[in-house]
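Each remark here refers to the structure printed beneath this line.
The values are calculated or read from the model by the stated rules, or taken from the named source; none is laboratory data. The shown structure was predicted, so the numbers you read here are calculated from the model rather than taken from an experiment. A quick note on method: Cβ atoms are made from the backbone with ideal geometry, for glycine too, and the neighbour counts reach across all protein chains shown. In case anyone asks, the SASA skips ligands and DNA or RNA and just uses the protein heavy atoms, side chains included. Shrake-Rupley method; radii C 1.70, N 1.55, O 1.52, S 1.80 Å.
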Amino acid sequence: MTKWILLECFSGSPGRVIALGSTPKSFVPLANILRNPLSLADAESALWQACATGVPVAQVSDDGRRTVRAEPLLITPRQAHAVRLWVGPVREPVLAADPMGAWYFDLTTNRSVRSVDLLDLYGVAPENRAAELAIASAFTRLVTNRDESEALAKIVNSAPGTEHQAVWTIRRDDAALRAGHFACRIVVEPDDTGVRHVLLRGVTQDIGAATAVAAAPPPTILEYTVLEAATEPGEYRAIVNLRSLRLIRWIGAPMPDIAWEDLPQQPRPQIHPDDLEAAKAMSRELARHRTEGTVRLRRIDGGWQPVRIRAALMALDQHTTAGLATVTAE
C-alpha cells in the first residue's frame, strides 16, 4: 500500500527522507524508498517544484499510471521546511497524511517560530497563538526522551549542519498525549537586512497516541521527578546556557511573574544591565565549583525581581555543559 513520504528541505532544497508513513527514517536517500526510475523521476520533479515555489503540486505522470502529489510544509510563503510526497497508482485513493507542522528556533535571537499547522497539531486555541516566543516555551508541552541532553548540547553548540531526530511525547493543550516525531538541522541564513542568523529548522509529525508508540517516552521522566521532589516550596529549577546566560528550559513549573516567554505583549526576557557582570562571574566560577548570587530579572509588569540563584554545572554531553539553576525570590 502506498504511504506518504516526508522529505526535509531544511537547507533550502529537497533533501533526505525522514519518514515513510508514520515510521521515522534516519535521513535516507529517496532512491532507497522509490526504486522505480520513472516514479523517482516524477517524484524529484514534483519535489523541486514544491520546495522552490512553496505551492502544492498535484499531477498525473506522463504515462497516466501514477498520481504524484508534493505538499510543502511552510512557515513563510517561500520557505519550505519539508515536503510530503505521494507517488501511487492513479486508481489508488490518496490517504490522509499524519498531522505535521514546521518550526524553527532562531538561536541568534533565542526565539521560536511555529507554523499554523504545528499549532493545530498542538491543539492551541486561537487566542493563544503568538507567532513567536522564547525557545524555552517550546519545551513546556514536550516530554523529552533519553536523548534530551544530546539535543540541548546541540542547541548550546549551535554548529551549522548539526542534525537531530527523536520521538518525544507531546502534551496537547487538550491534555491528549501524542507521539511526536521531530527532525531538524542547524543552518545559517541571512535575515532581510543581511544579518546572519543561526537557525534550527525542523518539522514535527504526529505519529499516533503516545501510549501506542513504543518509542515515545512515558509522561514522567525519572530524573525530573527526582529533581522536582527535591525542590522546596518557592524554589524553581532551570537549565541555563552558560554562554549566552539565556534560559534553555524550566524543570517543573516556571517561576511566576517573570518575563521569560518573550510573548508580544510582555517585556523581553532580561537580566538587569547592572547585574550582568555578576551573572557572567557566576557562569565563569561554575568551571571550578558551585556558586550562588543575587541578580534582578525582568518581571511581566515591566519591573525587576531580585532572585537568589544557586547554580551547579550540568553535563549535557562529553564536551558541553550548562548551568542547573535553583531560583528563589529575594
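Structural remarks
- Mean-position separation - Cα centroids, segment 115-137 and segment 164-184, in angstrom: 14
- Angle in degrees between helix 276-285 and the longest Cα principal axis of the chain, rounded to the nearest 10: 80
- Accessible solvent surface per residue of the chain, calculated while the other protein chains remain in place, 1.4 angstrom probe, Å²: 48
- Trypsin sites (Lys or Arg not before Pro) within segment 96-155: DSSP coil, no more than 14 neighbouring Cβ in 10 Å: Arg129, Arg146
- Here the chain exposes an accessible surface that is 52 percent carbon and sulfur, computed with a 1.4 Å probe and the other protein chains kept in place.
- Using only side-chain charges placed at the Cβ, +1 for Lys and Arg and -1 for Asp and Glu, the dipole size of segment 223-321 relative to its Cα centre rounds to 300 debye.
- The label point for Val90 and the one for Glu232, both projected 7 Å from the Cα toward the Cβ, are 7.5 nm apart.
- Cβ-placed point charges (K, R +1; D, E -1), dipole of the chain about Cα centre in debye, nearest 20: 500
- Choice from Ser61, Ser11, Ser112 showing the highest fluctuation, given a GNM over the chain with Cα pairs closer than 10 Å: Ser61
- The value of relative contact order for the chain, using C-alpha pairs under 8 Å at least six residues apart, is 12 percent.
- Highest-fluctuation residue, Asp262, Asp275, Asp62 considered, GNM on the chain with Cα pairs under 10 Å: Asp62
- Degrees separating the helix 148-157 axis from the principal Cα axis of the chain, which is the longest one: 80
- Neighbour-limited loop hits for trypsin sites (Lys or Arg not before Pro), segment 1-55 (at most 10 other Cβ within 10 Å; DSSP other than H, G, I, E, B): Arg35
- Charging the Cβ of each Asp and Glu at -1 and of each Lys and Arg at +1, and nothing else, the dipole of segment 2-129 about its Cα centre rounds to 180 debye.
- Approximate spin-label separation Asn36-Leu263, in nm, with each point projected 7 Å along Cα-to-Cβ: 5.1
- With the charge dipole of the chain set up from +1 on Lys and Arg Cβ and -1 on Asp and Glu Cβ about the Cα centre, the Cα lying farthest toward the positive end among the listed residues Ala311, Asn128, His81 is that of His81.
- Each helix, a run of at least 4 DSSP H residues, gives -39500 (n - 2.57); summed and divided by the residues of the chain, these come to -4500 deg cm²/dmol at 222 nm.
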